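Inspection log for the structure reproduced underneath, given as structure tokens.
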């Protein structure tokens with residue numbers, strides 16, 4: 001309602017046949033048309049050539065009296081297309097109003113906003129009406145799987161962004177890969193097979209429990225330090241890993257503790273014999 005009143009006031013102050021904003025748009029669009037070359041074949045017909053790098057790209061025909069162009073932009077929008085503007089600007093002081101559709105006229109603008117939107121009272125003052133039935137809320141549709149779409153699907157003319165260009169191989173001439181890729185049959189390279197890495201399990205190695213000694217129970221010295229004659233031939237030394245160094249340190253500590261226990265037991269026994 002406020003918008004209609006605002007546009008109604010603007011329409012009363014407008015003068016001329018076509019809206020000034022449309023004429024301003026056409027005057028701005030008529031600049032920078034050096035790439036279009038217009039050649040008149042008659043008073044109301046012309047041929048427009050689209051040039052790019054001094055080469056002919058396209059050619060369109062413009063009919064000024066019929067307000068038509070072979071690009072069909074003039075027929076759809078109602079305003080002269082760039083090809084038509086290239087022909088119109090060849091004249092001296094062209095009248096743009098005669099080439100614009102009547103839909104952009106000041107009269108149509110005034111008629112569009114001449115209607116009145118009635119004002120209404122507050123909801124508390126509305127009359128109560130017996131409908132004769134109970135209006136239930138609509139049944140909600142079952143929600144589909146996956147993430148729901150929030151934006152609408154854009155049309156082909158609304159999509160923006162750079163067009164994707166497919167790579168062409170210079171060796172074999174096929175699309176989708178380069179000359180140094182393994183997909184090129186002329187490169188001589190093959191695709192490498194991926195090998196899965198085996199995960200190492202953490203924890204003691206097999207047979208480590210056998211090497212450990214029981215520190216709680218005392219052991220005789222003969223079991224810990226055997227005689228030199230009974231020792232087998234020494235095996236070649238293995239590479240000391242951190243785990244093996246730890247086991248060797250524990251073994252030496254266990255042997256030392258057992259020896260000390262044995263000597264302490266012998267001393268206690270000899271003292272008891274003397275006291276008796």
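The values are calculated or read from the model by the stated rules, or taken from the named source; none is laboratory data. This one's a predicted model, so the numbers in the text were calculated from it and none came from an experiment. When we count neighbours, we look across all protein chains shown, and the Cβ atoms used for this are built from the backbone with ideal geometry, even at glycine.
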Out of the range 76-88, which residues are over 19 Å from residue 31 (Cα atoms) and assigned to a loop (DSSP other than H, G, I, E, B)?
78
Among the residues of the range 58-72, is there at least one that is farther than 25 Å from residue 110 by Cβ, assigned to a strand (DSSP E or B), touching a strand residue (DSSP E or B) at 6+ places or on another chain (Cβ under 6 Å) and modelled with pLDDT under 90?
yes
Search result, residues across the range 1-51 that are touching a residue at least 24 places away in the same chain (Cβ under 8 Å) and part of a loop (DSSP other than H, G, I, E, B):
1, 14, 15, 16, 17, 19, 30, 33
In the range 105-160, which residues are within 30 Å of residue 15 (Cβ to Cβ) and in a loop (DSSP other than H, G, I, E, B)?
113, 114, 115, 116, 117
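Taking only the range 236-276 into account, find how many residues are assigned to a helix (DSSP H, G or I) and over 60 Å from the mean Cα position of the chain (by Cα). Talk me through it step by step, then tell me what you get.
In the first step, residues of the range 236-276 are kept if they are assigned to a helix (DSSP H, G or I); the result is 242-275.
Imposing the further condition that a residue be over 60 Å from the mean Cα position of the chain (by Cα) reduces the set to 251-275.
Here the count works out to 25.
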Residue 98 being under 30 Å from residue 1 (Cα atoms) and in a helix (DSSP H, G or I):
no
Which listed residue, of 73, 130, 97, 91, is surrounded by 15 or more Cβ atoms within 10 Å (Cβ to Cβ) and either over 25 Å from residue 29 (Cβ atoms) or over 45 Å from the mean Cα position of the chain (by Cα) (or both):
97
